[in-house]
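A quick write-up on the structure given underneath.
The values are calculated or read from the model by the stated rules, or taken from the named source; none is laboratory data. What you see is a predicted model, and the numbers here were worked out from it, not measured in a lab. As a convention, Cβ positions derive from the backbone with ideal geometry for all residues, glycine included, and neighbour counts pool all protein chains shown.
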Amino acid sequence: MHAKLKETHDQFVEKFGFLSSLFGFSKIFGQIHAVLYLSPKPLSLNDIMNALHVSKGSISINIRELEKWGGCNRVWVKGDRRDYYEAEVDFKKIVNKRLLDAINRRLRMLGEISETNHKDYEWTRPEDKSLAEFFEKRMKYLQKNQKKMQTLFNTITKFL
(Lines give C-alpha, C1' and ligand atoms only; values in the text may rest on other atoms or scores of the structure.)
Protein backbone atom coordinates (compact mmCIF):
# COMPACT_ATOMS: atom_id res chain seq x y z
CA MET A 1 0.00 0.00 0.00
CA HIS A 2 1.30 3.46 -0.90
CA ALA A 3 2.57 5.43 2.15
CA LYS A 4 0.03 8.25 1.80
CA LEU A 5 -2.84 5.81 1.32
CA LYS A 6 -1.66 3.80 4.36
CA GLU A 7 -1.56 6.99 6.44
CA THR A 8 -5.08 7.95 5.34
CA HIS A 9 -6.30 4.41 5.99
CA ASP A 10 -4.81 4.38 9.51
CA GLN A 11 -6.29 7.81 10.31
CA PHE A 12 -9.72 6.63 9.19
CA VAL A 13 -9.46 3.50 11.35
CA GLU A 14 -8.34 5.57 14.36
CA LYS A 15 -11.13 8.14 13.93
CA PHE A 16 -13.74 5.42 13.44
CA GLY A 17 -12.57 3.85 16.71
CA PHE A 18 -12.92 7.19 18.48
CA LEU A 19 -16.38 7.70 16.99
CA SER A 20 -17.35 4.23 18.18
CA SER A 21 -16.36 5.12 21.74
CA LEU A 22 -18.58 8.23 21.60
CA PHE A 23 -21.53 5.91 20.97
CA GLY A 24 -20.68 3.73 23.96
CA PHE A 25 -18.86 0.95 22.12
CA SER A 26 -15.23 0.01 22.53
CA LYS A 27 -12.63 1.69 20.36
CA ILE A 28 -11.64 -1.74 18.99
CA PHE A 29 -15.26 -2.39 17.97
CA GLY A 30 -15.18 0.66 15.69
CA GLN A 31 -11.68 -0.01 14.43
CA ILE A 32 -12.61 -3.55 13.40
CA HIS A 33 -15.59 -2.24 11.47
CA ALA A 34 -13.36 0.38 9.80
CA VAL A 35 -10.73 -2.22 8.79
CA LEU A 36 -13.44 -4.45 7.33
CA TYR A 37 -15.17 -1.50 5.66
CA LEU A 38 -11.97 -0.51 3.87
CA SER A 39 -11.01 -4.04 2.86
CA PRO A 40 -11.79 -5.16 -0.70
CA LYS A 41 -11.81 -8.80 0.44
CA PRO A 42 -13.04 -10.72 3.49
CA LEU A 43 -10.62 -10.79 6.43
CA SER A 44 -9.86 -13.47 9.00
CA LEU A 45 -9.38 -12.80 12.70
CA ASN A 46 -5.62 -13.04 12.10
CA ASP A 47 -5.81 -10.46 9.31
CA ILE A 48 -7.70 -8.06 11.58
CA MET A 49 -5.34 -8.75 14.47
CA ASN A 50 -2.33 -7.93 12.29
CA ALA A 51 -3.98 -4.77 10.95
CA LEU A 52 -4.78 -3.42 14.41
CA HIS A 53 -1.94 -4.93 16.46
CA VAL A 54 -4.42 -6.10 19.07
CA SER A 55 -4.78 -9.50 20.74
CA LYS A 56 -6.79 -12.18 19.00
CA GLY A 57 -9.00 -12.48 22.09
CA SER A 58 -9.95 -8.82 21.91
CA ILE A 59 -10.64 -9.12 18.18
CA SER A 60 -12.77 -12.23 18.75
CA ILE A 61 -14.88 -10.63 21.48
CA ASN A 62 -15.45 -7.44 19.51
CA ILE A 63 -16.16 -9.17 16.19
CA ARG A 64 -18.95 -11.19 17.86
CA GLU A 65 -20.46 -7.96 19.20
CA LEU A 66 -20.11 -6.35 15.78
CA GLU A 67 -21.93 -9.34 14.26
CA LYS A 68 -24.76 -8.96 16.81
CA TRP A 69 -25.12 -5.33 15.77
CA GLY A 70 -25.20 -6.32 12.12
CA GLY A 71 -21.96 -4.43 11.42
CA CYS A 72 -20.29 -7.39 9.75
CA ASN A 73 -21.13 -10.75 8.27
CA ARG A 74 -19.27 -14.04 8.53
CA VAL A 75 -18.46 -15.38 5.07
CA TRP A 76 -17.05 -18.59 3.68
CA VAL A 77 -13.79 -18.54 1.74
CA LYS A 78 -13.23 -21.52 -0.54
CA GLY A 79 -10.38 -23.75 0.58
CA ASP A 80 -10.06 -22.29 4.08
CA ARG A 81 -11.71 -23.42 7.31
CA ARG A 82 -11.16 -20.17 9.15
CA ASP A 83 -13.94 -17.66 9.65
CA TYR A 84 -13.78 -14.58 7.44
CA TYR A 85 -15.69 -11.36 7.83
CA GLU A 86 -16.98 -8.57 5.61
CA ALA A 87 -18.31 -5.20 6.75
CA GLU A 88 -21.95 -4.34 6.39
CA VAL A 89 -21.67 -1.14 4.37
CA ASP A 90 -25.32 -0.10 4.63
CA PHE A 91 -25.46 1.85 7.89
CA LYS A 92 -29.23 1.99 7.63
CA LYS A 93 -29.33 -1.80 8.03
CA ILE A 94 -27.13 -1.62 11.12
CA VAL A 95 -29.35 1.06 12.69
CA ASN A 96 -32.52 -0.77 11.75
CA LYS A 97 -31.26 -4.08 13.07
CA ARG A 98 -30.28 -3.00 16.56
CA LEU A 99 -31.06 0.58 17.40
CA LEU A 100 -34.66 0.48 16.26
CA ASP A 101 -35.12 -2.91 17.95
CA ALA A 102 -33.78 -1.41 21.18
CA ILE A 103 -36.13 1.59 20.99
CA ASN A 104 -39.09 -0.67 20.29
CA ARG A 105 -38.24 -2.95 23.25
CA ARG A 106 -38.07 0.05 25.56
CA LEU A 107 -41.40 1.38 24.33
CA ARG A 108 -42.98 -2.02 25.00
CA MET A 109 -41.41 -2.08 28.48
CA LEU A 110 -42.88 1.36 29.14
CA GLY A 111 -46.28 -0.01 28.12
CA GLU A 112 -45.91 -2.94 30.52
CA ILE A 113 -44.91 -0.63 33.36
CA SER A 114 -47.89 1.63 32.72
CA GLU A 115 -50.22 -1.36 32.98
CA THR A 116 -49.26 -1.91 36.61
CA ASN A 117 -52.46 -2.60 38.45
CA HIS A 118 -52.56 -0.85 41.81
CA LYS A 119 -55.98 -2.37 42.59
CA ASP A 120 -54.26 -5.61 43.60
CA TYR A 121 -53.00 -3.91 46.74
CA GLU A 122 -54.96 -3.38 49.93
CA TRP A 123 -55.47 0.26 50.70
CA THR A 124 -56.30 0.58 54.40
CA ARG A 125 -55.81 4.24 55.19
CA PRO A 126 -57.91 7.05 53.66
CA GLU A 127 -54.79 8.74 52.26
CA ASP A 128 -53.96 5.46 50.50
CA LYS A 129 -57.15 5.79 48.49
CA SER A 130 -56.22 9.25 47.25
CA LEU A 131 -52.71 8.02 46.41
CA ALA A 132 -54.23 5.10 44.55
CA GLU A 133 -56.42 7.44 42.52
CA PHE A 134 -53.43 9.67 41.77
CA PHE A 135 -51.39 6.60 40.77
CA GLU A 136 -54.16 5.36 38.49
CA LYS A 137 -54.45 8.76 36.82
CA ARG A 138 -50.70 8.89 36.17
CA MET A 139 -50.60 5.34 34.81
CA LYS A 140 -53.46 6.08 32.40
CA TYR A 141 -51.62 9.18 31.21
CA LEU A 142 -48.44 7.14 30.76
CA GLN A 143 -50.34 4.44 28.83
CA LYS A 144 -51.91 7.03 26.56
CA ASN A 145 -48.54 8.60 25.76
CA GLN A 146 -46.81 5.24 25.35
CA LYS A 147 -49.43 4.20 22.80
CA LYS A 148 -48.92 7.46 20.90
CA MET A 149 -45.12 6.98 20.91
CA GLN A 150 -45.51 3.37 19.78
CA THR A 151 -47.80 4.44 16.93
CA LEU A 152 -45.36 7.16 15.89
CA PHE A 153 -42.46 4.72 16.07
CA ASN A 154 -44.33 2.13 13.97
CA THR A 155 -45.19 4.80 11.37
CA ILE A 156 -41.61 6.07 11.15
CA THR A 157 -40.11 2.59 10.80
CA LYS A 158 -42.38 1.84 7.83
CA PHE A 159 -40.49 4.52 5.88
CA LEU A 160 -36.97 3.42 6.83
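Against the definition (assigned to a helix (DSSP H, G or I), modelled with pLDDT under 95 and either among the charged types (D, E, K, R) or farther than 20 Å from residue 10 by Cβ (or both)), how does residue 66 come out, yes or no?
Considered against the rule, which asks whether it is assigned to a helix (DSSP H, G or I), modelled with pLDDT under 95 and either among the charged types (D, E, K, R) or farther than 20 Å from residue 10 by Cβ (or both), residue 66 comes out as no.
Just wondering, is there one or more residues in the range 40-50 that are within 30 Å of residue 157 (Cα to Cα), surrounded by 15 or more Cβ atoms within 10 Å (Cβ to Cβ) and either assigned by TED's automatic domain parsing to the domain that holds residue 11 or basic (Lys, Arg) (or both)?
No, the range 40-50 has no match at all.
Out of all the residues in the range 112-124, is one or more at pLDDT 85 or above, within 24 Å of the chain's Cα centre (by Cα) and on the phi < 0 side of the Ramachandran plot?
no
Return the only residue of 43, 52, 66 being under 16 Å from residue 89 (Cβ atoms) and free of Cβ contacts under 8 Å to residues at least 40 places away in the same chain. Outline the logic, then answer.
On the way: 43 fails: free of Cβ contacts under 8 Å to residues at least 40 places away in the same chain; 52 fails: under 16 Å from residue 89 (Cβ atoms).
Just one listed residue meets the conditions, 66.
For the range 67-83, check the following and say yes or no: at least one residue is touching a helix residue (DSSP H, G or I) at 6+ places or on another chain (Cβ under 8 Å), loosely packed, with under 14 Cβ neighbours inside 10 Å and closer than 29 Å to residue 160 by Cβ.
Scanning the range 67-83, I find at least one residue that is touching a helix residue (DSSP H, G or I) at 6+ places or on another chain (Cβ under 8 Å), loosely packed, with under 14 Cβ neighbours inside 10 Å and closer than 29 Å to residue 160 by Cβ, so the answer is yes.
Take the residues in the range 89-116 that are assigned to a helix (DSSP H, G or I), touching a helix residue (DSSP H, G or I) at 6+ places or on another chain (Cβ under 8 Å) and without any contact (Cβ under 8 Å) to a residue 40 or more places away in the chain, then tell me which one is nearest to residue 147 (Cα to Cα).
So, considering only residues that are assigned to a helix (DSSP H, G or I), touching a helix residue (DSSP H, G or I) at 6+ places or on another chain (Cβ under 8 Å) and without any contact (Cβ under 8 Å) to a residue 40 or more places away in the chain, the one nearest to residue 147 (Cα to Cα) is 111.
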